[in-house]
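Notes follow once the structure below has been shown.
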Amino acid sequence: MKRCYIVGIGSDIAQGIKPMLERDGWSVNGAGHGRMVSKPWDLIIFACGTLAPIGYFFSICDYAWRAGVVSNSLAVLANLRAAWPLRGPHPVVIFFGGPNMAKPSPTYTAYRAGKAMLESLVSTLNVEYPECKFAMLHPGVVRTKIHQQTIAAGSRAANFERVQKIVSGEEQTVSMEKVYGKLKELL
């Protein structure tokens, strides 16, 4: 049986794709964000991250900004390094990233910087470890609880009004089935 490990198993995206993976023959285990991988895997999915701190770059205290970048990148990479010895023979590593890297993301600089770091490493890791496939999945706007961080930030978030529409269901978002379809394309 194929083994999948999801870091960020409590996220809405992880909970949405988990039954679809199981339906397709994957054994799925996982841990919360910040918990280290503890089981063998053939596919590891990092469905974790935080939008915090939200605010314009120079308005955020240095410590909070650094913590946001670390949470979205260095902590993820440290977990991958710890998980590496548990990989199967043809492993696949998927990082989830939210922002459209072709467009600016004002007030989400720590999130964007962290996800950009992961994205920039994917091509290098694919060259360094050709037996493994590394990919960054950008599913588009998915209605999940992560948007509550923007709601809590209120006027500090440049896209507050849009996120209110996303949370209320007024703006169409990407379904979990489409997220899973994009994941399957990468596999």
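Read-outs throughout are calculated quantities, based only on the coordinates presented, and are distinct from any laboratory measurement. The shown structure was predicted, so the numbers you read here are calculated from the model rather than taken from an experiment. Here the Cβ is made from the backbone with ideal geometry for all residues, glycine too, and neighbour counts use every protein chain on show.
Which numbered condition in (1) assigned to a helix (DSSP H, G or I); (2) touching a strand residue (DSSP E or B) at 6+ places or on another chain (Cβ under 8 Å) is the only one that residue 90 fails?
Only one criterion in (1) assigned to a helix (DSSP H, G or I); (2) touching a strand residue (DSSP E or B) at 6+ places or on another chain (Cβ under 8 Å) is unmet by residue 90, namely (1).
Run residue 106 past the list (1) within 22 Å of residue 182 (Cα to Cα); (2) in contact (Cβ under 8 Å) with a residue 24 or more places away in the chain; (3) in a loop (DSSP other than H, G, I, E, B) and report the number of the one that doesn't hold.
Among (1) within 22 Å of residue 182 (Cα to Cα); (2) in contact (Cβ under 8 Å) with a residue 24 or more places away in the chain; (3) in a loop (DSSP other than H, G, I, E, B), the lone unmet condition for residue 106 is (1).
If you check every pair at least six apart or on different chains, which have Cβ atoms under 9 Å apart with a residue in the stretch 149-177 that is in contact (Cβ under 8 Å) with a residue 60 or more places away in the chain first and a residue that is surrounded by 16 or more Cβ atoms within 10 Å (Cβ to Cβ) and acidic (Asp, Glu) second?
Cβ pairs passing all conditions: 176/12.
Among what's in the stretch 1-37 and is touching a Leu at 6+ places or on another chain (Cβ under 8 Å) and of a type outside the set (A, V, I, L, M), pick the residue that is nearest to residue 70 (Cα to Cα).
Ranking the candidates gives 5 first.
Which residue pairs have Cβ atoms closer than 9 Å, lie 6 or more positions apart in sequence or on different chains, and pair a first residue in the stretch 10-38 that is part of a helix (DSSP H, G or I) with a second residue that is among the basic types (Lys, Arg)?
From the stretch 10-38, the pairs are 12/143; 12/145; 20/184; 21/2.
Looking at the stretch 50-66, can you tell me whether even one residue there is crowded, with 20+ Cβ neighbours inside 10 Å and assigned to a helix (DSSP H, G or I)?
The answer is no, given that none of the residues of the stretch 50-66 is crowded, with 20+ Cβ neighbours inside 10 Å and assigned to a helix (DSSP H, G or I).
With 153, 158 as the choices, which residue is in a loop (DSSP other than H, G, I, E, B), buried (at least 17 other Cβ atoms within 10 Å of the Cβ) and more than 15 Å from the chain's Cα centre (by Cα)?
Numbers: 153 fails: in a loop (DSSP other than H, G, I, E, B).
Every option except 158 fails the conditions.
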